[in-house]
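Below: one structure, written as structure tokens.
Every number in this text was worked out from the coordinates using simple rules, so none of it is lab data. Computed from a predicted structure; not experimentally measured. FYI the Cβ positions are ideal-geometry reconstructions off the backbone, even for glycines, and counts take in every protein chain you see.
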Amino acid sequence: MKGLSGTQPTTADGHDLVSDGLRHDVLDDFEQTGIAWVWASDADNVLSYLSSGAAKAIDLPLSTLLGQPISTLFETDPDDPDNRAGRPLGFQLNSRSKLTDVVVRCALPVAKAGGKPVWLSLSARPKIDSAGKFHGYRGLAKDVSVEYQRKIEDSRLAEFDSLTGLYNRHRMNRRLDSILAAYKSAKRSCAIMMLDLDRFKQVNDTMGHPAGDSLLQQVAERLRNVIGERGEIGRLGGDEFQVILPDLDDRGKLGELADKVIQIVSQPYPIDDKRAIIGTSVGVAIAPYDGIESDDLVRASDLALYSAKNGGRGQFRFYSADLKDEEQERQLLLDDLREALAADELQLHYQPVVRIKDNHVVGMEALMRWEHEERGWVSPGMFIPVAEESSLIGALGEWAINQACKDAMEWPSSIRVAVNVSPRQFTANGFVDQVAAAIENSGIDPDRLELELTESVFLGDSEQTEKTFDALKKLGVRLALDDFGTGYSSLSYLRSAPFDKLKVDKSFVDSCTLKDQNSAKIIAAIIGLSKALGMETTVEGVEAFDQLEVVKSKGASLIQGWLYSKALPQAIVLQNISAGEYLIEPSGPDKHRPDRRSMFRRIGLIHEDHRYEAVIRDLSTTGAFIEGLVGVPLGTPLVLDLGGGQLVVCTVMRSEDAQIGVEFETPLVSDGAGGLCTRHRVSPYALAAAGMPLGALPKGNYPMEQLQPPPTSKPQFLQVQVGGGA
Ligand code: C2E
Ligand code: MG
Ligand code: MG
């Protein structure tokens with residue numbers, strides 16, 4: 001018996017003494033075991049031999065496989081976590097390098113439809129003769145489908161969020177790191193959006209975790225639809241999502257996208273046979289402007305998100321450097337507000353609601369007023385959102401309802417009182433009891449009390465919301481839907497909720513006299529709708545006679561606006577009432593002047609090599625009035641520096657004394673916070689390329705600052721000091 005182990009005896013010319021027959025036997029037996037298969041290619045890397053077992057596993061006839069180039073027969077997996085940076089199979093074959101456990105699948109269409117792909121691990125050596133001539137590969141192939149599938153699954157788990165199928169935090173961090181690293185050298189930009197769902201917790205708590213899970217899956221699906229190929233989406237945990245948007249730094253486009261995301265996420269969700277409504281806030285940060293490293297960029301987008309949530313939810317915000325200060329400011333304000341409430345320093349003022357046809361006051365809306373000893377009058381538009389972020393809103397709201405009911409008891413019974421209720425107050429436990437107690441304590445007829453709610457009370461669990469509505473209706477109070485048309489504006493709310501009144505938001509009135517705007521039509525539609533549903537309508541924010549004419553012609557009957565009266569302290573209200581019937585004649589401007597965003601904002605103006613300090617007094621999307629430079633000729637090109645890399649190229653169109661009017665080359669866009677910003681910011685990289693006079697620029701992260709030569713010319717314009725406040 002010739003053994004197979006040990007050194008094989010050979011003939012003098014080097015041939016094995018083992019017969020070719022035995023070789024075949026051994027090979028056959030080995031192939032039979034299925035432990036591995038054998039394959040070979042010729043000098044052109046065409047498959048010349050393959051164990052029949054392999055062909056069977058692949059599920060194609062051997063005859064189809066033999067004679068085909070290996071690189072067209074097999075392919076590596078682009079998703080293989082070990083082979084991401086790996087070279088394609090063809091490359092390795094062409095370079096005639098050794099193959100070690102290269103996992104491939106058959107690239108030909110396989111007959112067995114729907115079958116799991118078979119993964120083969122190929123190992124082989126190139127056969128090169130003593131003259132250095134290549135004769136093809138000889139090697140082994142193994143079926144590694146089970147192991148490979150498991151490995152893919154494991155890495156999928158490590159990278160994906162199993163609930164939604166989106167990427168997980170780990171993967172998003174890695175992606176962001178690698179994108180930013182690559183983009184830094186390529187000087188490209190990349191935006192990230194951070195999303196946090198509003199009122200998700202409420203759905204989860206009241207409808208149960210399976211409902212919460214289903215909701216998150218639906219949110220993920222909607223995000224995929226909106227974002228599409230534009231970016232990568234991940235769930236970072238809980239109800240927090242992140243979107244990476246490579247090569248996007250246009251704040252106009254980003255704002256539109258964020259708006260779209262907010263709209264789509266805010267549509268109602270079917271869950272089992274119920275409905276849930278949530279909202280979302282979005283924070284946006286853009287590299288390299290808001291951060292170059294991923295940590296900085298993520299922190300910036302978090303701050304922007306936080307600010308968006310505080311701004312009243314359902315909004316987006318771009319990061320800006322002031323956000324950090326804003327946060328501190330907010331905390332101080334909250335502390336002061338808490339003290340003011342305890343010290344009984346808050347007041348309610350009352351704004352009359354007037355019936356157009358006879359000027360009768362039929363109701364008054366209670367609006368909170370706070371005179372701060374240093375800040376002066378603080379607007380409720382500012383402190384209510386701050387209170388809403390803390391539990392203070394509950395106490396604040398309770399105080400307001402009680403005070404308003406008490407005050408209204410001193411008015412004629414024909415005048416109703418309206419009280420604003422924040423969504424958080426509405427959904428808090430014990431709200432209905434609070435209202436009942438206020439009615440009880442004051443002795444007011446519940447039909448005289450009108451609660452003003454905004455559309456965001458519909459966020460969350462609709463069943464719970466309906467229960468609260470029912471309980472309030474049982475008490476006999478009236479319900480009004482405030483700011484209608486500005487929020488989620490789903491008509492389905494109106495079908496299910498027992499509102500007695502719709503309040504048309506001031507924003508429609510603001511633009512109802514402008515020609516090419518739909519506002520007048522929308523007002524007509526809202527009034528028609530509420531009539532059809534048996535509700536009253538109040539039109540808010542009428543300031544001028546031309547607006548009054550428009551809304552009257554659209555069917556308005558009740559008006560609340562400065563044309564009739566601003567909000568008044570109770571003492572004045574009582575005086576007015578004591579005169580007998582409470583009538584108010586409209587008085588005010590004939591024509592409404594659109595909001596001109598007048599302001600006092602210090603900015604920089606760049607002309608040639610020089611930087612001047614000036615003040616913006618009036619800013620619109622297309623131009624600005626600027627004070628502080630004397631003797632600037634018409635047509636002078638200037639660059640306006642709004643800070644944070646926001647440079648606006650503009651031309652002087654008016655010039656008088658120290659005032660100039662400029663027109664922008666490109667219009668500004670909304671910054672998500674009621675202000676304006678530039679679409680693009682000037683990247684530090686671009687400045688250098690454009691040869692900008694860097695000496696004239698503000699301090700910033702311009703890596704090439706030191707290269708800038710000092711200005712050579714003299715300033716051409718006289719700069720004057722502008723003082724005073726807004
Ligand atoms: P709102 O409920 O929509 O109140 C109407 C706002 O429009 C009031 O602003 C009112 O002064 C203002 N307004 C009315 N007519 C005109 C007009 O012709 N021109 C202009 N420019 N403005 C007009 P205010 O008092 O600053 O209140 C802002 C918001 O703060 C209110 O909007 C309401 O959402 C909230 N708020 C006020 N008081 C309370 C309160 O006691 N509780 C809660 N939860 N929110 C309150
Ligand atoms: Mg209101
Ligand atoms: Mg309103």
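If the label point is 7 Å along Cα→Cβ of Thr622, which residues in region 654-676 have backbone nitrogen under 12 Å from it? Output list for this probe position: 663-668. The calculated 222 nm mean residue ellipticity attributable to helices in the chain amounts to -10500 deg cm²/dmol, summing -39500 (n - 2.57) over DSSP H runs of n ≥ 4 and dividing by all residues. Sorted into 5 angstrom bins from 0, the C-alpha pair distances of region 160-323 split as 2, 9, 19, 22, 21, 14, 7, 4, 2, 0, 0 percent. Whole-Hz Karplus values for region 159-165 come out as 10, 10, 8, 5, 6, 10, x Hz, taken residue by residue from phi with 6.51 cos²θ - 1.76 cosθ + 1.60 and θ = phi - 60°; glycine and proline positions read x. Roughly how tilted is helix 323-342, in degrees to the nearest 10 and between 0 and 90, from the longest Cα axis of the chain? Tilt relative to the chain: about 40 degrees. For Lys324, the lysines whose Cα comes closer than 19 Å to its Cα, not counting residues fewer than 8 places off in the same chain, are Lys309, Lys699. Residues whose amide H comes within less than 5 Å of that of Phe316, counting only those at least five positions distant or on another chain, are Val282 (H built at 1.01 Å from N in the peptide plane). Toward the positive end of the charge dipole of the chain, with +1 on the Cβ of Lys and Arg and -1 on the Cβ of Asp and Glu, the farthest Cα among Leu629, Leu120, Cys512 is that of Leu120. Here is the list for region 552-636: chymotrypsin sites (Phe, Trp or Tyr not before Pro) lying in DSSP coil, each with at most 16 other C-beta atoms within 10 angstrom of its C-beta, are Trp562.
Which value results for Rg/Rh of the chain when Rg is the Cα radius of gyration and Rh the Kirkwood radius based on the inverse mean 1/r?
1.14
Spin-label model, Lys474 to Asp433: label points 7 Å out along the Cα-to-beta-carbon direction sit 1.4 nm apart. Our coupling estimate for region 382-389, obtained by passing each phi through the Karplus curve with A = 6.51, B = -1.76, C = 1.60 and θ = phi - 60°, is 9, 8, 5, x, 5, 5, 5, 6 Hz, Gly and Pro reported as x. Note on Lys521: lysines with a C-alpha under 20 Å away, same-chain residues under 8 apart excluded, are Lys501, Lys503, Lys506, Lys531, Lys552, Lys554, Lys591.
Less than 10 Å Cβ to Cβ from Pro589, Lys/Arg counted +1 and Asp/Glu -1: what total charge do the surrounding residues give? Please list the in-between numbers first.
Numbers: positive: Lys591, Arg593; negative: Glu543, Asp546, Asp590.
Summing Lys and Arg as +1 and Asp and Glu as -1 gives -1.
Taking amide H positions as modeled 1.01 Å from N, with prolines and chain starts lacking one, the residues under 5 Å from Arg601 and 5 or more places away or on another chain are Ile616. The modelled label-to-label distance for the pair Arg156/Asp101, using points 7 Å beyond Cα in the direction of Cβ, is 2.2 nm.
What's the local net charge at Glu388, with K and R +1, D and E -1, over the other residues with C-beta under 13 Å away? Summing Lys and Arg as +1 and Asp and Glu as -1 gives +3. Computed from Cα atoms, the angle from the helix 392-408 axis to the main principal axis of the chain rounds to 30 degrees.
Sorted by packing (mean other beta-carbon atoms within 10 Å per residue), highest first, where do 199-210, 314-325 land? Show your work: numbers first, answer last.
Numbers: 199-210: 17.8, 314-325: 20.0.
Listed from highest to lowest mean packing, they are 314-325, 199-210.
Principal-axis analysis of the Cα atoms of the chain puts helix 462-475 at an angle of about 20° to the longest axis. As a calculated quantity, the FRET efficiency between Gln149 and Gln464 at R0 = 41 Å, using C-beta atoms, amounts to about 0.35. Would you tally the net charge around Gln315, using a Cβ to Cβ cut-off of less than 13 Å, leaving Gln315 out, and scoring K and R as +1, D and E as -1? Summing Lys/Arg as +1 and Asp/Glu as -1 gives -1.
Let a ≥ b ≥ c be the square roots of the eigenvalues of the Cα gyration tensor of region 328-578; is it rounded (a/c under 1.5), or, if not, prolate (a/b larger than b/c) or oblate? Provide the component values of the computation, followed by the final result.
Numbers: a/c = 1.36, a/b = 1.24, b/c = 1.10.
Since a/c stays below 1.5, the shape of region 328-578 is classed as rounded.
Total lysine pairs in region 34-152 at Cα distances under 27 Å, for residues eight or more apart or on different chains: 16. Region 363-506 gives an Rg/Rh value of 0.95, both radii derived from C-alpha positions and Rh following Kirkwood. For region 280-295, backbone phi angles converted through the Karplus equation (6.51, -1.76, 1.60; θ = phi - 60°) give residue-by-residue couplings of 8, 10, 10, x, 10, 9, 10, 8, x, 5, 9, x, 9, 8, 5, 4 Hz, Gly and Pro being listed as x.
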